[in-house]
Each structure stands twice: as structure tokens, then as C-alpha cells.
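Accompanying notes for the structure given below.
The values are calculated or read from the model by the stated rules, or taken from the named source; none is laboratory data. Note that the coordinates shown come from a computational prediction; the quantities given were computed from them, not determined experimentally. All Cβ positions, glycine included, derive from the backbone under ideal geometry; neighbour counts span all protein chains shown.
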């Protein structure tokens, strides 16, 4: 990769900082040792034609890799990983396992965790929320139990750190306002290991610094 630019928002509400999905796309090149630049867009500009040409849904992240406009955080992480042995094994079997767990994080874990995060952060005062939450928590617990079972006796999902852990840890962070992961004897230490990696800290610090630079006056 000769050119890699990640697009994130200039500013988001405090509860979303460290959660927005450009974080995982910043994390991947940090782990791979690839240089990248960050381009910021104001949330009010997300439906502007110029931005929609980069990200047709008007969301973040978007990315430019070697002149090609890309979107979807999981796809971008996978493209980075495919060029980095640090994130994707060269051997066929473990490589396939990494891809499977990447998609499990995005397709099986993220939807209910994201729904729980949205319910608690955005809709907690709604009259329907108390009735919806128990079933959602039960679904989350069931899926987290499978991940915990996979991690039993392992430091990471596929024996060593990989792109699968970038996506899984990013998804598990959606439960950070609860004890669903932190209180689990397997998931809590796993998430702490991932968050303790220097590359993660660098990516998070970068995202938070961007928000701080664009903090509204008087906030």
C-alpha cells in the first residue's frame, strides 16, 4: 500500500468516543506498521455528494487505498490484513480461521451488541425499552458465551493476535457501559489484552485527539 487515508468524524457525542468504527480501521495499520493519514468529515457533511462518492451510506469510516475509495470497516481491515503477516497468517488453515472469526465478530456479535448499546445510550428513557432489554441481553450473553468458549485456554482467537482480534475486541467494546464482558473471567482479560496493545492505544489516542481538537467552544 502506497496510499492509505482513513476518514472519521470530526466530532461525536461523548458516549460514542472510542466506539466509532474508524477506530478499528486506524488500529489495523498501527499493528501492521503501515503509514496512514486521517481525513475528517463533519457529521453535517455526511450526505454531501462529495462524501457520498467515498461512502455511499454517508457513514464512517471511509478509506482511500492506492486511489480506490472503500467503505465498510470490516472490509477495510481485511484488505489491510491480507497484506500483513502480522494480522493474517500465511498458512491456509489459520488464515481461513481468521477470516471466519472476523465475520463472526461483524455478523453474529456486533448486531445484538450494537442494538444494546443504542438502546441504553439513545433509547433508555423510551417506554418500550425496559421490555426490550432483557431479551436483547439474553441474546448477547448467549453469543458472548460462544466467544468465551473459543478463548478458553487461548490468548487470542487464532492462537496469536490477528485481524480477527481487532474486529472482535472493537465489537466487545460496545458492551463497555455494562459488565457483560468486564465481569467475565475469560472475556474481561481478553479485552484487556487487546486494549493494552501499543497499536490499539495509538489508534485510540489518535481518534480522541481528533475529537479534542474539534471540541465545540464552551463545551
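Among the listed residues 58, 8, which satisfies the condition of being under 26 Å from residue 107 (Cβ atoms), crowded, with 18+ Cβ neighbours inside 10 Å and outside the structural domain of residue 106 (by TED's automatic domain parsing)?
Just one listed residue meets the conditions, 8.
Going by the structure shown, is residue 50 closer than 21 Å to residue 168 by Cβ and surrounded by fewer than 19 Cβ atoms within 10 Å (Cβ to Cβ)?
No; evaluated as a whole, the condition is false for this residue.
Residues checked against (1) in contact with a helix residue (DSSP H, G or I) (Cβ under 7 Å, 6 or more places away or on another chain); (2) within 24 Å of residue 115 (Cβ to Cβ); (3) in the same structural domain as residue 107 (by TED's automatic domain parsing):
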site	(1), (2), (3)
175	yes, yes, yes
180	yes, yes, yes
183	no, yes, yes
187	yes, yes, yes
191	yes, yes, yes
205	no, no, no
209	no, no, no
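Tell me, yes or no, whether segment 119-129 has at least one residue that is buried (at least 17 other Cβ atoms within 10 Å of the Cβ) and closer than 25 Å to residue 197 by Cβ.
no
Identify, please: which residue in segment 65-94 is touching a residue at least 60 places away in the same chain (Cβ under 8 Å) and out of contact with any helix residue (DSSP H, G or I) (no Cβ under 8 Å at 6 or more places or on another chain) and is, among those, surrounded by the most Cβ atoms within 10 Å (Cβ to Cβ)?
Looking at residues that are touching a residue at least 60 places away in the same chain (Cβ under 8 Å) and out of contact with any helix residue (DSSP H, G or I) (no Cβ under 8 Å at 6 or more places or on another chain), I get 94.
Here are the criteria: (1) farther than 26 Å from residue 84 by Cα; (2) not assigned by TED's automatic domain parsing to the domain that holds residue 43. Tell me which single one residue 168 does not satisfy.
(1)
Among the residues of segment 121-141, count how many are touching a residue at least 12 places away in the same chain (Cβ under 8 Å) and either in the same structural domain as residue 73 (by TED's automatic domain parsing) or touching a helix residue (DSSP H, G or I) at 6+ places or on another chain (Cβ under 8 Å) (or both).
Qualifying residue count, segment 121-141: 7.
Whether any residue in segment 151-163 is closer than 24 Å to residue 36 by Cβ and touching a strand residue (DSSP E or B) at 6+ places or on another chain (Cβ under 8 Å) is what I want to check.
no
Restricting to helices (runs of 4 or more DSSP H) lying wholly in segment 1-108: which have 2 or more residues that are within 14 Å of the chain's Cα centre (by Cα)?
Correct list: 22-32, 73-81, 92-104.
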